[in-house]
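Have a look at the structure below before the remarks.
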Amino acid sequence: MNEWIYNLPLHCLPSGSTEQIIVRTCEPAALPAASITQAPERVVAVQLLSLQADSEPLNAWMPGLPVELVMADPAAEFPLLYRHTPLLDQHPVRVVIPVRSGFYKAVKTAVALDFPVRLDMGQPSPVLIEELEAVLEFYLHQSTVAQPIEYFQSILLSFYHQAPVSLWVVLDENPQWLRYVADDGKGSLYGRLAGVNTTFLETNAGLDIWMEQVLAAHEQCRNCEFLHHCGGYFKWPYPDYDCAGVKRLFGKLQDAATELRRDLDAAPVSE
């Protein structure tokens, strides 16, 4: 039986349950008094859904627990990141930035403040592909970038090591493990896969089976050179999405990995 991780709202915390959970809330001050404090081994991470909220109550609460700051409007909210930097003293903190108009400035601000970044990709339009290319150039060529920007970091390393890893894993959306509990308590698959019928899958089906039977079952995916790095990620929720732009991004990462390998191979070996 799968040991699923449940992403659920604070008010839906189950009592006496042993499942691993990701708790999301707009009210950080409510977390220290919640029942999860009595069973901290269950908690995988906390997601803060409002950057307007005061995160100070979490600074010394459950040190070492990963915290995600989830942006809704990156172009407007990026200045709010400054107020959450004290969290870094006790927690690994990552900023989730939706790929929406103006997100580049939010990425640069987050990285400058020493926050790792996870891009919430969706199915980016041609205009957003251009902004993604600018962010990729920033990640690849700015020496001041000291924190990972995902998915760029993991995919670059996967090309470099010639060990493909799917975006479903890189962006923490692996349907093999993750389940989502809505505010009304109803459960589903996570994010873009909510509502997908998976009754025909084996209970313990691995991600490779998911990709073959569900995620990357489209003909375009099967013939794509980046299949094992993408896994059909960009064909959800609309399978007719044109992947030309995201393929260009994959190509740039592949070229960067090849160049990096060539440079390292040519570097003199120190005695």
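The values are calculated or read from the model by the stated rules, or taken from the named source; none is laboratory data. Keep in mind the model is a prediction, meaning the values are calculated, not measured. Heads up, the Cβs are rebuilt from the backbone with ideal geometry, glycines too, and the neighbour counts pull from every protein chain shown.
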* Pairs with Cβ under 9 Å, 6+ apart, first in the stretch 115-136 and without any contact (Cβ under 8 Å) to a residue 12 or more places away in the chain, second part of a helix (DSSP H, G or I) -> Ser125/Gly245; Glu130/Gly245
* **Near pairs, Cβ below 7 angstrom, 6+ apart or cross-chain, from the stretch 20-35 (at pLDDT 90 or above) to any residue that is small (Gly, Ala, Ser) and part of a strand (DSSP E or B)** => Ile22/Ala45
* If you check Val43 against the conditions, is it on the phi < 0 side of the Ramachandran plot, surrounded by 14 or more Cβ atoms within 10 Å (Cβ to Cβ), modelled with pLDDT under 95 and of a type in the set (A, V, I, L, M, F, W, C)? -> yes
* To do: Would you point out which residue out of Leu253, Leu193 is crowded, with 17+ Cβ neighbours inside 10 Å and closer than 23 Å to Glu130 by Cα?
  => Leu253
* Asked: Cβ-Cβ below 7 Å, separation at least six or inter-chain, first residue in the stretch 182-198 and touching a residue at least 24 places away in the same chain (Cβ under 8 Å) and of a type outside the set (Val, Ile, Thr), second surrounded by 10 or more Cβ atoms within 10 Å (Cβ to Cβ) and part of a helix (DSSP H, G or I): which pairs?
  -> Gly185/Cys12
* Asked: Just checking, how many residues over the stretch 212-237 are more than 20 Å from Tyr190 (Cα to Cα) and among the aliphatic types (A, V, I, L, M)?
  -> 1
* **Boolean, Ala205 is among the small types (Gly, Ala, Ser), at pLDDT below 90 and closer than 24 Å to Trp177 by Cβ** => yes
* Kindly provide the set of residues from the stretch 106-143 that are among the β-branched types (Val, Ile, Thr) and closer than 18 Å to Leu81 by Cα, ordered by number. => Val107, Thr109, Val111, Val117
* Structure fact -> The lone condition Tyr139 fails out of (1) surrounded by fewer than 18 Cβ atoms within 10 Å (Cβ to Cβ); (2) among the aromatic types (Phe, Trp, Tyr); (3) in contact with a strand residue (DSSP E or B) (Cβ under 7 Å, 6 or more places away or on another chain); (4) modelled with pLDDT of 95 or more is (1)
* Would you mind finding the one in Asp114, Asp73 that is at positive phi and surrounded by fewer than 22 Cβ atoms within 10 Å (Cβ to Cβ)? => Asp114
* Determine, yes or no, whether Ala134 is at pLDDT 95 or above, surrounded by fewer than 17 Cβ atoms within 10 Å (Cβ to Cβ), aliphatic (A, V, I, L, M) and touching a helix residue (DSSP H, G or I) at 6+ places or on another chain (Cβ under 7 Å). => yes
* Test each condition in (1) surrounded by fewer than 19 Cβ atoms within 10 Å (Cβ to Cβ); (2) free of Cβ contacts under 8 Å to residues at least 60 places away in the same chain; (3) within 29 Å of Ala106 (Cα to Cα) for Pro9 and report the one that comes out false. => (2)
* To do: Return the only residue of Gln38, Gln20, Gln52 being surrounded by fewer than 17 Cβ atoms within 10 Å (Cβ to Cβ), under 24 Å from Pro98 (Cβ atoms) and not charged (D, E, K, R).
  => Gln52
* To do: Could you list all residues from the stretch 238-270 that are among the β-branched types (Val, Ile, Thr), more than 12 Å from Tyr160 (Cα to Cα) and in contact (Cβ under 8 Å) with a residue 24 or more places away in the chain?
  => Val246
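This table checks each residue for (1) of a type in the set (Gly, Ala, Ser); (2) on the phi > 0 side of the Ramachandran plot; (3) in contact with a strand residue (DSSP E or B) (Cβ under 9 Å, 6 or more places away or on another chain).
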{"site": "Glu131", "(1), (2), (3)": "no, no, no"}
{"site": "Ala146", "(1), (2), (3)": "yes, no, no"}
{"site": "Ser154", "(1), (2), (3)": "yes, no, no"}
{"site": "Ser158", "(1), (2), (3)": "yes, no, no"}
{"site": "Val165", "(1), (2), (3)": "no, no, no"}
{"site": "Asp183", "(1), (2), (3)": "no, no, yes"}
{"site": "Val214", "(1), (2), (3)": "no, no, no"}
{"site": "Ala217", "(1), (2), (3)": "yes, no, no"}
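Yes/no matrix, rows are residues, columns are (1) of a type in the set (A, V, I, L, M); (2) out of contact with any helix residue (DSSP H, G or I) (no Cβ under 6 Å at 6 or more places or on another chain); (3) surrounded by fewer than 12 Cβ atoms within 10 Å (Cβ to Cβ):
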position: Ser188; (1), (2), (3): no, yes, no
position: Leu201; (1), (2), (3): yes, yes, no
position: Phe226; (1), (2), (3): no, no, no
position: Trp236; (1), (2), (3): no, no, no
